[in-house]
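The values are calculated or read from the model by the stated rules, or taken from the named source; none is laboratory data. Source: prediction; values computed, not measured. Reconstructed Cβ throughout: ideal geometry from the backbone, glycine too, with neighbour counts over all protein chains shown.
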Amino acid sequence: MKIVLSVVLAMFIVGCSEEKSSQTNVVQTNGEPAVKEAVKQETPVEQTKVKEVVQKAAHEVEESKVVKKVEEVKKVVATAPVVEKIPSVDGAKLFTTCASCHGTQAEKKALGKSRIIKGWDEAKIITALHGYKDGTYGGQMKAIMKGQAAKLSDADIKALAEYISKL
């Protein structure tokens, strides 16, 4: 509709007479004006003006489509579920289970049989816990630790290792 009005306005601006505008045949097909016939009947100057108006109108239609799409995206984003940040795992809290055998400062041999884990670096602790979990690590305490490590996620293991390595 804007385009048809723009074409009519352009013809009026360039001085189309009533007689000439009645000869101009502007047809609308699928919501888009067919202005080729109208442009053919105009003088070169008038044709240029009409083409400019049509191009401007087409640009405005494209802008309108973009604005509509942006609004659609904003609605989708506004209604999208909010993903909350996963709370960090507390290594100290996890270690309370370990402390019953390893001591509150990791200073004891668990059940008097394992190595003291205080002073181990983070990588060594991670390797040991993953090994206990998959059954590839450990001596006498392997069976007990496999059950304990099986409950731990990778994030839990990382948090525990970080905590223990700082004791």
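Quick one: in region 84-134, which of the residues that are among the polar types (S, T, N, Q) and touching a residue at least 12 places away in the same chain (Cβ under 8 Å) is surrounded by the most Cβ atoms within 10 Å (Cβ to Cβ)?
The extreme case among them is SER114.
Look through VAL61, VAL66 and report the one residue that is surrounded by fewer than 16 Cβ atoms within 10 Å (Cβ to Cβ) and either in a loop (DSSP other than H, G, I, E, B) or without any contact (Cβ under 8 Å) to a residue 12 or more places away in the chain (or both).
Selected residue: VAL66, the only one of VAL61, VAL66 that is surrounded by fewer than 16 Cβ atoms within 10 Å (Cβ to Cβ) and either in a loop (DSSP other than H, G, I, E, B) or without any contact (Cβ under 8 Å) to a residue 12 or more places away in the chain (or both).
Can you tell me which of LYS151, LYS133, LYS146 is assigned to a loop (DSSP other than H, G, I, E, B) and assigned by TED's automatic domain parsing to the domain that holds GLY112?
Selected residue: LYS151, the only one of LYS151, LYS133, LYS146 that is assigned to a loop (DSSP other than H, G, I, E, B) and assigned by TED's automatic domain parsing to the domain that holds GLY112.
Please go through region 120-167 and pick out each residue that is touching a His at 6+ places or on another chain (Cβ under 9 Å) and acidic (Asp, Glu).
Residue satisfying the conditions is ASP154 alone.
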